[in-house]
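Student: Let me give you the structure first, and then I'll get to my questions.
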């Protein structure tokens with residue numbers, strides 16, 4: 001128990017250090033590529049930090065046995081956490097740091113890019129949910145191809161729409177550039193991105209390992225592990241980048257890091273699930289997907305109302321997450 005506690009502390013230290021390096025480097029990468037804040041958050045940051053969690057369903061499929069249900073749980077678990085708990089933490093972060101933020105507790109993210117992310121997320125996750133109740137394999141495979149093509153189109157559209165979209169703030173010096181060039185060399189940016197992401201992935205995997213050990217010790221089912229514990233351990237810590245961006249008042253990057261990951265997780269991993277599993281959603285994944293959709297709709301409403309992630313919104317996201325998690329644990 002003492003060893004596990006020390007390893008958990010180490011995992012958080014790795015995540016914290018990696019997040020600092022990664023957020024700083026990805027801002028410079030977006031600036032050098034002229035992507036704009038929207039694409040930097042929704043594409044670069046979101047996809048890079050979502051990749052470790054996305055590997056879980058692939059590993060589960062390859063493993064066989066319970067792999068089908070575990071893979072489905074992992075696929076649905078990520079958007080479930082992002083659409084509920086992660087959004088709640090953004091609102092909490094804005095409130096906690098309201099004194100040092102020019103915009104106070106209001107989340108002033110790019111409205112167009114954020115609303116686009118949320119609409120795409122809800123459309124494709126809803127389609128995936130409906131298809132999970134219709135056991136027609138050819139339809140699932142065809143939908144998987146459509147999802148992959150649609151994500152490519154979304155990424156291209158996001159990049160094209162956000163070029164030149166800036167929040168008007170100077171970037172902090174790159175940590176891996178001791179000479180403080182402006183701008184730093186591309187090789188230094190790439191190296192810092194790789195090191196930062198490596199620390200995040202390493203910390204997340206260490207955290208996952210300890211959570212898995214505890215889950216197996218107390219007899220938690222594989223579906224609960226995939227649907228709740230694995231996303232909580234791997235996806236949420238990697239969204240610490242958003243916490244740092246909210247703290248710095250860079251709301252487009254902060255919220256885009258989450259909504260972009262919601263789009264990614266509702267399309268590419270779902271495509272893998274539909275193509276390589278039976279994609280028959282049991283009650284627990286269905287409830288989780290429904291809560292993720294409700295959370296996305298609530299976020300869309302909050303953004304439409306000026307970005308006020310007020311107490312009722314935060315409380316509702318938390319209730320969605322806690323309520324669905326309790327049901328999942330009891331039902332499985």
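Student: May I ask you to order 96-106, 116-126 by the average number of other C-beta atoms within 10 Å around their residues, highest value first?
Tutor: 116-126, 96-106
Student: Neighbour counts of other C-beta atoms within 10 Å: give me 27, 115, 235 arranged from fewest to most.
Tutor: So the ranking, lowest neighbour count to highest, is 115, 27, 235.
Student: What length, rounded to one decimal in nm, is gained on full extension from residue 179 through to residue 149, with 0.36 nm per residue of separation minus their alpha-carbon distance?
Tutor: Taking residue 179 through residue 149 to full extension adds about 6.5 nm, to one decimal.
Student: Taking 0.36 nm per residue of separation and subtracting the Cα-Cα distance, what length does fully extending residue 98 through residue 329 add?
Tutor: Gain in length upon complete extension: 79.6 nm.
Student: R0 = 22 Å: FRET efficiency of residue 194 with residue 32, Cβ-based, nearest 0.05?
Tutor: After rounding, the FRET efficiency stands at 0.90.
Bear in mind these aren't lab numbers, they're just calculated from the coordinates by the rules spelled out. Please read all numbers here as calculations on a predicted model, not as lab measurements. We place every Cβ from the backbone using ideal geometry, glycine too, and count neighbours over all the protein chains shown.
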